[in-house]
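Shown next, in structure tokens, is the structure this report addresses.
The values are calculated or read from the model by the stated rules, or taken from the named source; none is laboratory data. Treat the numbers as computed from the prediction; the structure is a model and nothing was measured. Glycine also receives a Cβ, built like all others from the backbone with ideal geometry; neighbour counts cover every protein chain displayed. Accessible surface areas use protein heavy atoms only, side chains included; no ligands, DNA or RNA. Shrake-Rupley method; radii C 1.70, N 1.55, O 1.52, S 1.80 Å.
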Amino acid sequence: MKKILIIGLGLIGASYAKGLSKKGYEVYGCDLSDETNEFAVSSGFVCAASKDPKDYIKIVDTIVIGLYPKDIVPFLLKYQPYFNENQVITDVCGIKSSICKIATNTALPAKFVGSHPMAGREKVGIKFADEKIFAGTNFLICPIEGTSEVAVSKV
């Protein structure tokens, strides 16, 4: 079974978690809000949640970063020592040019593949999470030169 960690349980991250859990994946969550983490677990979006990504990074195959663009590279720099060569890391933000090259090198030894679901709502936060927001929408995958084809196919 694939194990996935969602970093940031806002609207998009929580919608990913909810949908992936329904599909049978083992999903873990991390958010800075205790209330959000508790809601994610009690609602069945994730099997466990924590404020500290170190609790799960070493046990997952895939990491989905649902943070603001300015927070992605600092996250990768902080937790890089915990990544491994078998992991794929992706993000869900709409800004790519300033992130993908840096993130690809910063995520090593994991493989980073930038992505962006063309989905959203007029409301934000975990309480409005709905995996159906992805139905029928485009999903952009933004590999840069040298990105692992296996990692791209996993994303």
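Taking the condition of being among the β-branched types (Val, Ile, Thr) and open to solvent by 40 Å² or more (accessible area, probe 1.4 Å), how many residues in the range 11-43 meet it?
1
Restricting Leu67, Leu77 to residues that are under 15 Å from the mean Cα position of the chain (by Cα) and not charged (D, E, K, R) narrows the list to Leu67. With respect to (1) of a type in the set (Ser, Thr, Tyr); (2) over 21 Å from Thr106 (Cα atoms); (3) touching a Pro at 6+ places or on another chain (Cβ under 8 Å), the lone exception for Ser42 is condition (3). Taking every residue in the range 56-83 that is open to solvent by 40 Å² or more (accessible area, probe 1.4 Å) and pairing it with any residue that is among the aromatic types (Phe, Trp, Tyr), at least 6 positions away or on another chain, the pairs with Cβ-Cβ distances below 9 Å are Lys58/Tyr82; Lys58/Phe83; Ile59/Tyr28; Leu67/Phe75.
Where strands (runs of 3 or more DSSP E) sit wholly within the range 88-155, those with at least 2 residues that are within 30 Å of Ser42 (Cα to Cα) occupy 88-91, 111-117.
When the range 93-107 is filtered for residues that are open to solvent by 20 Å² or more (accessible area, probe 1.4 Å) and in contact with a helix residue (DSSP H, G or I) (Cβ under 7 Å, 6 or more places away or on another chain), the ones remaining, listed by number, are Ile95, Ile102. For beta carbons closer than 7 Å, sequence separation of 6+ or different chains, a first residue in the range 118-136 that is at negative phi and a second that is assigned to a loop (DSSP other than H, G, I, E, B) and charged (D, E, K, R), the qualifying pairs are Phe128/Arg121; Ile133/Arg121.
Can you tell me how many residues within the range 44-55 are assigned to a helix (DSSP H, G or I), in contact with a helix residue (DSSP H, G or I) (Cβ under 8 Å, 6 or more places away or on another chain) and either aliphatic (A, V, I, L, M) or surrounded by 14 or more Cβ atoms within 10 Å (Cβ to Cβ) (or both)? Going through the range 44-55 one residue at a time, the tally reaches 1.
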